[in-house]
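The values are calculated or read from the model by the stated rules, or taken from the named source; none is laboratory data. Every value quoted in this text rests on a predicted model; they were computed, and no experiment measured them. For neighbour counting, all protein chains shown are included, and Cβ atoms are generated from backbone atoms with ideal geometry for every residue, glycine included. The accessibility values were calculated without ligands, DNA or RNA, using every heavy atom of the protein model including side chains. Shrake-Rupley method; radii C 1.70, N 1.55, O 1.52, S 1.80 Å.
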Amino acid sequence: FDQLKNESERAENDRHDDLIGAVLGHFRLEQRIASGGMGTVYLASRADDEFQQRVAVKVVKRGMDSEEILRRFREEKQTLAQLDDPHIARLLDAGATADGRPYLIMEYVDGVPIDRYCDQRRLPINDRLRLFGLVCEGVHAAHKSLVIHRDIKPSNIFVTATGVPKLLDFGIAKVLTGGTDSPGTIESERRLTPEYASPEQVDGGPLTTASDVYSLGVVLYELLTGTRPYAFVLKSSEEVRRVVCRAVPPQPSEAITRRAGARRGLTPQPPATSAEATSAPADTGTGPLDYPHTHRVSSTRLRGQLRGDLDTIVMTALRKEPTRRYASAEQLGADIGRYLAGMPITARRDTWPYRTRKFVARHAVAVTGVTVAVALLIAGLIVQTHQKTQIQRQRDELAATNLRLDQTRRVLVSILSGAQSSDKGPGATLGEVLEDAAHGLLVTPPEDALTRAGVNEAVGKAMMTLGMTERARPLLEAALAEHQGLPPASAPRLAVETELAQLLYYEGKYAEAEPALRGLLARAREASGGAATSLEGDILNALGAVLRMRGSFEEAMSVQREALSVRTAVEGAQSLACAESLNNIASIHFSSGRYAEAVESFRLSLAIRTAKLRPGHPMLLATSTNLGLALLRAGDAQAAIPFLEASAAGWAGAFGPQHAGINVARTSLGQAYRAVGRFDESLSVLRQVQDWQAAGSAEFTPAQLATRANIGITLAKRAAKDGNCQEAIAALESVRSHALFGSLSRGMARQALSALAEACELCGRGADATRYRNEATGFAETR
């Protein structure tokens, strides 16, 4: 109905438009496309029939200074026509109609505004970001030619049916207003769109490329949230200046929260004339509010995706001071690219001191009065009590510190010498030493409460990471009991509670771990006042691991990227904490079947761990094994082999030939050898794994059957080369007929049956080959 109505209105306007059918330059105007405050846009075709070409012609409205504007057209036409970028609709020509109205002839873009394009196709966040990154490329290309847009908004960014964004009217604002803006009314002289205009634009200040960066930030905010950062009541000059130059918009993730709450009737809407109303997001009216239809996710999931790096990117582009925004559209686009690649972004959130200074600047008189009164009161109290308590406090703190140091020293000596009291002697394992330490803490605990809490936590955490979860829990719970008198947001208490939440992960209780970690994250952020902390990074990292185990790969990736950003800010991009986050990001890619992305993140993690850890360190060997397996799954077995060989040798050298880690590497190495045709070497390492499994288990296990299947598959591949198919058939038929065959993964079962069919075909057993091949199709993998 709306389409029929629009076509009817267009036809009616065309009947009363004296320019329809007119020839301007080489083009005949055919119909109106749009009409706005500056003029009317027409669709036109080549009038001389020398070749086919469609263009858009913009005719400026009557009443403008035609001679001055035409002069500017002549001066700027060459510059604007040279803006040769695939994401900018080019200005082709300019002139004036018979009655003196200036017109512009531009490349015709057959598309829809970018916000409508995204919503109609229900594009998810990452697809919207990739599209926006192309827009940044176009804006930067124009900036390199010293041309700024001045009016970037969704209606000036069209996307074609093939998904190519095009910026319209680039540089035309400069033509129509001259090289600089003069003070005057917002609505006329500067010809801006208040919802997308930068603070310096509405305030009459000098415009730079940073003004376009701000407008890009507003567009990005709208694409991600479905709302604009600001709403206006009257759009008066005073209101626009107050809102755009002073009001702080909510972060995109917060905007989702407000919008979802308002839809459910949980968030009261502010009065239309309140300060909050002018700084709250405004519904653009471009689509429905149900995010599953516009972003394919719930509001909760969308909020999780936006929180962290995307909040920071958008709010950096929207900073009031031009010098604190991204220096260029290229830098904004680069941070978008870093986010999509799982890399740390360059932008940083506003610090607490900076936000405080801005608040004081906005409320100087009130803050000064309150500050003076409070300062006088506090000063009086301090003078009365300071001298009396200072010496006593220092003496007590020194005595307590000395006691803790002495007790901690004793506990440490006891733990390190624990092997001497063990019947294992120098060969005692770390687990046995920790068991002795836990027993000692129970029998003779330290006298000081903080010391007891610290050593219980340390021993409990070490046991947890070794998989001794049953022994770790009472120690961590004892440490928490010592901290119960502390405030809930205190760092020692939060740290122990975080360890207990991570213990739930180690115990496989993911459904319990997730809400516990989410609650701890909120408390840690409240305690830090918004500043990034190592504890926040640890909680985010643990939460991402839990979400991955629960199959929520998309949210897990968002959380792990946020953890990486926090850890980069606190500990540096080359820290072991960042290496851990990169390894976890790679694991999510791997679990999602994105093996190329997993390879890249594993490489980054391995580079950091190689520089920081000794050769043979378990984390270094595990990452090398993971990288080799990811390369193998990505189809590059030849590149995988050196990493798998090195990790297998490393496990053997550091922990002996029977360590579990070496056999994980050997299994992957055997598959890699097979993939490149090194069948004898594949069989050698796989049989080593088979021998190790048999020695370590009295009963036949599913893992042993998987190894037997791997050996059979390798025999079948070798049979295609040497013709010895009987050995392969015997091995694989024993796998197929085994009672544990159903325990194999679908992929392994399919490979085994397909290899068995190939071996039977080679031996002339065509009927059996067909039967096994049909069975294999029943195990097709689905992801």
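Odds and ends about this structure:
- Which numbered condition Ala197 fails, given (1) at pLDDT 85 or above; (2) outside any loop (DSSP other than H, G, I, E, B); (3) farther than 17 Å from Ile88 by Cα; (4) of a type in the set (A, V, I, L, M, F, W, C): (2)
- Qualifying residue in region 127-134 (condition: open to solvent by 20 Å² or more (accessible area, probe 1.4 Å), assigned to a strand (DSSP E or B) and in contact with a Gly (Cβ under 9 Å, 6 or more places away or on another chain)): no
- Taken as a whole, the structure places Ser575 among residues that are of a type in the set (Gly, Ala, Ser) and closer than 14 Å to Pro344 by Cβ.
- Search result, residues across region 722-750 that are open to solvent by 10 Å² or more (accessible area, probe 1.4 Å) and farther than 19 Å from Arg765 by Cβ: His738, Ala739, Leu740, Phe741, Gly742, Ser743, Leu744, Ser745, Arg746, Met748, Arg750
- Among the residues of region 306-346, those identified as part of a loop (DSSP other than H, G, I, E, B) and more than 17 Å from the chain's Cα centre (by Cα) are Leu318, Arg319, Lys320, Glu321, Arg325, Tyr326, Ala327, Ser328.
- Qualifying position, being free of Cβ contacts under 8 Å to residues at least 60 places away in the same chain, surrounded by fewer than 23 Cβ atoms within 10 Å (Cβ to Cβ), in contact with a Ser or Thr (Cβ under 8 Å, 6 or more places away or on another chain) and not small (Gly, Ala, Ser), among Leu535, Leu576: Leu535
This table checks each residue for (1) among the acidic types (Asp, Glu); (2) under 20 Å from Arg633 (Cα atoms).
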position: Leu535; (1), (2): no, no
position: Leu547; (1), (2): no, no
position: Ala556; (1), (2): no, no
position: Arg561; (1), (2): no, no
position: Glu571; (1), (2): yes, no
position: Gln574; (1), (2): no, no
position: Ser587; (1), (2): no, yes
position: Ser591; (1), (2): no, yes
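- No other residue among Val139, Val109 is part of a helix (DSSP H, G or I) and modelled with pLDDT of 90 or more apart from Val139.
- Residues of region 27-39 satisfying the condition of being open to solvent by 20 Å² or more (accessible area, probe 1.4 Å) and not aliphatic (A, V, I, L, M): Arg28, Glu30, Gln31, Arg32, Ser35, Gly36, Gly37
- Filter result for the condition that a residue is within 17 Å of Leu476 (Cα to Cα), assigned to a helix (DSSP H, G or I) and of a type in the set (D, E, K, R), over Glu554, Glu536, Glu526, Glu497: Glu497
- Candidates in region 46-99 are the residues that are modelled with pLDDT under 80 and under 20 Å from Gln31 (Cβ atoms); of these, the one that is surrounded by the fewest Cβ atoms within 10 Å (Cβ to Cβ) is Asp49.
- Close pairs from region 548-559: first in contact (Cβ under 8 Å) with a residue 24 or more places away in the chain, partner open to solvent by less than 60 Å² (accessible area, probe 1.4 Å) and of a type in the set (Asp, Glu), Cβ under 8 Å, at least 6 apart: Arg550/Glu514
- Which numbered condition Asp115 misses (of (1) closer than 23 Å to Ser145 by Cα; (2) charged (D, E, K, R); (3) in contact (Cβ under 8 Å) with a residue 60 or more places away in the chain): (1)
- Answer residue from region 679-702, given it is more than 16 Å from Leu669 (Cα to Cα) and either in contact with a Phe, Trp or Tyr (Cβ under 6 Å, 6 or more places away or on another chain) or of a type in the set (A, V, I, L, M) (or both) and is most open to solvent (accessible area, probe 1.4 Å) among those: Ala698
- Subset tally (residues that are more than 21 Å from the chain's Cα centre (by Cα) and open to solvent by less than 60 Å² (accessible area, probe 1.4 Å)) for region 608-629: 15
- Residue list for region 665-689, restricted to those being in contact with a Ser or Thr (Cβ under 6 Å, 6 or more places away or on another chain) and under 12 Å from Thr625 (Cβ atoms): Ala665
- Note on region 216-299: enclosed helices (runs of 4 or more DSSP H) holding 1 or more residues that are at pLDDT 80 or above are 237-246, 252-264.
- Per-region count, region 484-498, residues surrounded by 20 or more Cβ atoms within 10 Å (Cβ to Cβ) and at pLDDT below 80: 0
- Per-region count, region 751-777, residues open to solvent by 70 Å² or more (accessible area, probe 1.4 Å) and outside any helix (DSSP H, G or I): 1
- Residue within region 662-678 that is open to solvent by 40 Å² or more (accessible area, probe 1.4 Å) and among the polar types (S, T, N, Q) present: yes
- Listed conditions (1) within 19 Å of Gln201 (Cβ to Cβ); (2) in contact (Cβ under 8 Å) with a residue 24 or more places away in the chain are all met by Ala255, apart from (1).
- Among residues that are within 27 Å of Val297 (Cα to Cα), part of a helix (DSSP H, G or I), of a type outside the set (Ser, Thr, Tyr) and open to solvent by less than 10 Å² (accessible area, probe 1.4 Å), Leu521 is not included.
- Search result, residues across region 136-157 that are under 26 Å from the mean Cα position of the chain (by Cα) and open to solvent by 20 Å² or more (accessible area, probe 1.4 Å): Glu137, His140, Lys153
- Filtered residues of region 100-112 (kept if of a type in the set (A, V, I, L, M, F, W, C) and open to solvent by 30 Å² or more (accessible area, probe 1.4 Å)): Val112
- Check on Ala542, of a type outside the set (Lys, Arg), under 19 Å from Met468 (Cα atoms) and modelled with pLDDT of 90 or more: yes
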